[in-house]
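Inspection log for the structure reproduced underneath, given as structure tokens.
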């Protein structure tokens, strides 16, 4: 009897899949039977990451260089992945970035670049894979939002705006696609995870302070997002759609003192 978490026969595209959360999710999908496509902007990182993701799984895989802050990168990416794998059953919109700036310091170039990367690429990629999902009557779209889409802090206007918008888009897309078979759309809102992005702009003292704000008293490891993503990507989560799953070690449950 096949496990409801099995992804055997499925094909997954994970953006930003060369490291961190994207790589961890891709590895979990491969271990559970999916063929894998990953993309990012760095060819050397992609080649090395795909080797690690597929190790011992006997699954197929492909990597593609794509700068998703440019809309014109979406169509060639989808075309190459679909040619290599035969289609895309699971899309994880994980690529994203942050540029902490207070509202009166944000310049138009930064705003436009991150809006395209964090939000518009998710729309364009989803739009591109949906026809195939409708034809097959099965599909999973997972947007990687953030707890910063639910709460925020100073200097995060741009990042919070894009991540909150992803949550809203998740709900609307779920209503669009629900009538077309077993197609679900969900988002995950990670809290503090030990990945390159937060490590690049938080000092050691700041990281320690953030850890104390979680119920578990620590940062998450990327592999701890693999289980939630697998649930939403598989038939185990077939009755979950339009939802945002918060995975933050209890960072957002504290009341004000």
Item checked: C-alpha long axis of helix 43-54 to longest principal axis of the chain, angle in ° -> 70
Next item on the list: Quick one: among 229, 174, 154, which has the greatest mean-square fluctuation in a GNM of the chain with alpha-carbon springs under 10 angstrom?
Entry: 154
Next item on the list: Distance between Cα centroids, region 237-251 to region 187-210: provide it in whole Å.
Entry: 20
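Using just the helices of the chain, give the 222 nm mean residue ellipticity in deg cm²/dmol: DSSP H runs with n ≥ 4 each add -39,500 (n - 2.57), and the total is spread over all residues, rounded to 500. All intermediate terms of the calculation are to be shown ahead of the outcome.
On the way: 9 runs with 104 residues, N = 257.
Helix-only estimate at 222 nm: -12500 deg cm²/dmol.
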Notebook entry, point to check: How would you rank 235-243, 92-100, 182-190, 15-23, highest first, on the average number of other Cβ atoms within 10 Å across their residues?
Noted result: 15-23, 182-190, 92-100, 235-243
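In percent, what relative contact order does the chain have, based on Cα pairs under 8 Å that are 6 or more apart in sequence?
Values: 506 pairs, mean separation 50.0, N = 257.
Once normalised by length, the contact order is 19 percent.
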Next item on the list: Distance between Cα centroids, region 6-54 to region 126-160: provide it in whole Å.
Entry: 18
Checklist line | Label corresponding to Rg and Dmax of the Cα atoms in Å when calculated from the structure given, among (1) 21.8, 75; (2) 18.3, 58; (3) 17.5, 58 | finding: (3)
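So what is the relative contact order for region 18-82, in percent, with contacts set as C-alpha pairs under 8 Å and at least six apart? Walk me through the intermediate numbers first.
Numbers: 81 pairs, mean separation 20.9, N = 65.
Here the relative contact order equals 32 percent.
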Margin query: How tilted is helix 157-177 with respect to the longest principal axis of the chain? Cα atoms for both, answer in degrees (0 to 90, nearest 10).
Written below: 30
Next item on the list: Given the options 193, 29, 201, state which has the largest fluctuation in a GNM of the chain using a 10 Å cut-off (strictly under) for Cα springs.
Entry: 201
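None of the figures in this text is laboratory data; all of them are computed from the coordinates on show. Computed from a prediction, not measured in an experiment: that's the story for all the values here. No Cβ is skipped: glycine too gets one built from the backbone with ideal geometry, and neighbour counts run over all protein chains shown.
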